[in-house]
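K.L.:
Dumping the structure here so I can ask a few things about it.
Please treat every number below as a calculation from the coordinates, not as lab data. Computed from a predicted model, the values in this text were never measured in an experiment. Here Cβ is always computed from backbone atoms with ideal geometry, including for glycine, and neighbour counts include all displayed protein chains.
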Amino acid sequence: MEHGRYVIKFSFDGNAFRGYARQPEGGTVEDELIDALRESKIIDDSKEGNFASASRVDRGVSAIGAAAAFDTQVDPGRVLRSLNAHTRSVTAHSIASVDGSFDPRRRAVGRWYRYHFREEEIPSGLDVPRMREAAQLFLGEHDLSAFAKVDGRDPTRTVQRIAVERRSGSLALDVWGASFLWNQVRRMASSLSMVGTHDIQPEGISKALGTGKGGPFPPVPPEGLFLMDVIYNDIEFERVSDLPSGATERLRDEYHQKRCSLKYLEYLRERVHF
C-alpha cells in the first residue's frame, strides 16, 4: 500500500504534560502522540513518518483542536481508532487526507484561542463592558512587543477577531489570528484584566500597541488558556464516530473524577469561604 499523508486534530489537558514539544526526558504532548503512533504501527518513527505539529503551546495550556500531520500506510479509517487505543491523555477526533507536501503549521490560515478569566480572585469583580471596548484596540496589525516574548522574531501580528463574552459560566476572551507570539494571548488577557479592575486605562493598551513598549503585562496563568482550533481552507475533516472502549472509559472516569473534585471544593468553600 502506498504512503498517504494525513492531518489529525486532537485534544489534550495541558495539566497532564510537561509541555508540548518533544523532550529527551519525555512527558510532553508530542512524546505521547508520537509514541502512540509508533505503538499502533501507524508510523515507524517520527522522521520516517514526516511528523509535524501545527502549533506549540506553553506548558499548562490545553487544546481542543490542535493539529499534526504524518505519513502512513495505514488506512485512514483505522488511524483514529488505533491511535486512541494507545494514548493516555490525548484524544484524536478528526482526520483529513492531504497532499504529500502538506505542512500543518504553514498551511494553517488561522488559530483560535480562548482564555477563561479567574474572576473569583477579584472581589470587586471585572468591568466587562470596559474590557470589551478595550479588546477592540487589538484588532488589526500591530507591533506586539509589549504583549509577548519576542526573542528576535518579527513582533508584528494581526488579530483577525476578538471577543470578551460569558461562556460556560465564566468570562472568556476569544482571539483569532493567523499566528501568535509566545505568551501573546496570556499577556493580552492580563492587560484586559487590568482594564477590567481599573488598574490601567484603555489608553495604556493603545500606547503599548502604538510604540511596542508599555506595561508590564505579566502573563496570566496558563491553565485558563485553550487552543480551540487550528483553521485550514479547503480541507474536509472526518470526525471519529466512536472511540475504543478503553478510551471512552478513560474519559468518563476523568470527567467523573474532576466533577467530584470540583464538588469537594464547592462544599469546602461553603465552610471556609476562600
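K.L.:
Based on Cα coordinates alone, diagonalise the gyration tensor for the chain, multiply each eigenvalue by 5, take square roots, and list the semi-axes in whole Å, largest first.
P.N.:
So the three semi-axes of the chain are 35, 25, 15 Å.
K.L.:
Where does the charge balance sit around Arg56 when Lys and Arg score +1, Asp and Glu -1, over other residues with C-beta under 11 Å from its C-beta?
P.N.:
Values: positive: Arg22, Arg59, Arg105; negative: Glu30, Asp58.
Cβ neighbours under 11 Å give a net charge of +1.
K.L.:
What is the distance, in nm, between label points placed 7 Å from the Cα along the Cα-to-Cβ direction at Val128 and at Asp99?
P.N.:
With each label placed 7 Å out from Cα toward Cβ, I get 4.5 nm.
K.L.:
log10 I(q)/I(0), Debye, Cα-only the range 1-72, no solvent, q = 0.21, 0.28 Å⁻¹?
P.N.:
Log-scaled intensity ratios, in q order: -0.89, -1.39.
K.L.:
Further question: Among all stretches of the chain without exposed GluC sites (Glu not before Pro) (DSSP loop, at most 10 other Cβ atoms within 10 Å), which one is longest?
P.N.:
Value returned for the longest uninterrupted segment is 26-235.
K.L.:
Do any trypsin sites (Lys or Arg not before Pro) in the range 113-190 lie in a loop, going by DSSP, with at most 16 other beta-carbon atoms within 10 Å of their beta carbon, and if so which? Please report the intermediate quantities before stating the final value.
P.N.:
Working: sites: Arg114, Arg118, Arg130, Arg132, Lys149, Arg153, Arg157, Arg161, Arg166, Arg167, Arg186, Arg187; in loops: Arg118, Arg153.
Answer by residue number: Arg118, Arg153.
K.L.:
Where does each of His273, His256, His93, His86 land when they are ranked from fewest to most other beta-carbon atoms within 10 angstrom?
P.N.:
Details: His273 6, His256 10, His93 17, His86 20.
Exposure proxy ranking, most exposed first: His273, His256, His93, His86.
K.L.:
Could you point to the residue in Gly214, Ala135, Phe180 farthest towards the positive end of the range 119-220's charge dipole, with +1 and -1 charges on the Cβ of Lys/Arg and Asp/Glu respectively?
P.N.:
Result: Phe180.
K.L.:
Compare the Cα positions of Thr72, Ala21, Ser11 along the charge dipole of the range 8-96 (+1 at Cβ of Lys, Arg; -1 at Cβ of Asp, Glu; about the Cα centre) and return the one farthest towards the positive end.
P.N.:
Among Thr72, Ala21, Ser11, the one farthest towards the positive end of the dipole of the range 8-96 is Ser11.
K.L.:
Let me ask something else about it. When we measure straight from the Cα of Lys213, which lysines land under 29 angstrom away, once same-chain ones fewer than 8 places off are left out?
P.N.:
Lys149
K.L.:
Aspartates and glutamates within cross-link reach of Lys41: Cα-Cα under 19 Å, excluding same-chain residues under 8 positions apart?
P.N.:
Here the aspartates and glutamates satisfying the reach criterion relative to Lys41 are Glu2, Glu30, Asp31, Glu32, Asp71, Asp75.
K.L.:
Now for a separate question. Assigning unit charges at the beta carbon (Lys, Arg +1; Asp, Glu -1) and nothing else, what dipole magnitude in debye, to the nearest 20, does the chain show about its Cα centre?
P.N.:
Dipole about the Cα centre, nearest 20: 520 debye.
K.L.:
Here's something else I'd like to know. From the P(r) of the range 119-220, could you give the percentage of C-alpha pairs in the tail past 18 Å?
P.N.:
The proportion of pairs with Cα distances above 18 Å equals 42 percent.
K.L.:
Something else: Put a dot 7 Å past each Cα toward the Cβ at Ala178 and Phe237; how far apart are the dots in nm?
P.N.:
2.1 nm
K.L.:
Which net charge results for the neighbourhood of Leu181, defined as the other residues with beta-carbon distances under 14 angstrom from its beta-carbon, given Lys and Arg at +1 and Asp and Glu at -1?
P.N.:
My count for the surroundings of Leu181 gives +2.
K.L.:
Quote the charge dipole size of the range 230-274 about the Cα centre in Debye, to the nearest 20; the model charges only the Cβ of Lys and Arg (+1) and of Asp and Glu (-1).
P.N.:
The dipole magnitude comes to about 500 debye.
K.L.:
Separate question: For the chain, what relative contact order do you get, as a whole percent, if you take Cα pairs closer than 8 Å and at least 6 residues apart?
P.N.:
Value for the chain: 23 percent.
K.L.:
Separate question: Nearest 20 debye, what's the magnitude of the dipole of the range 119-220 about its Cα centre given +1 on Lys and Arg Cβ and -1 on Asp and Glu Cβ?
P.N.:
Numbers: 12 positive and 13 negative charges, 46 e Å.
With only Lys, Arg, Asp and Glu charged at Cβ, the dipole is about 220 debye.
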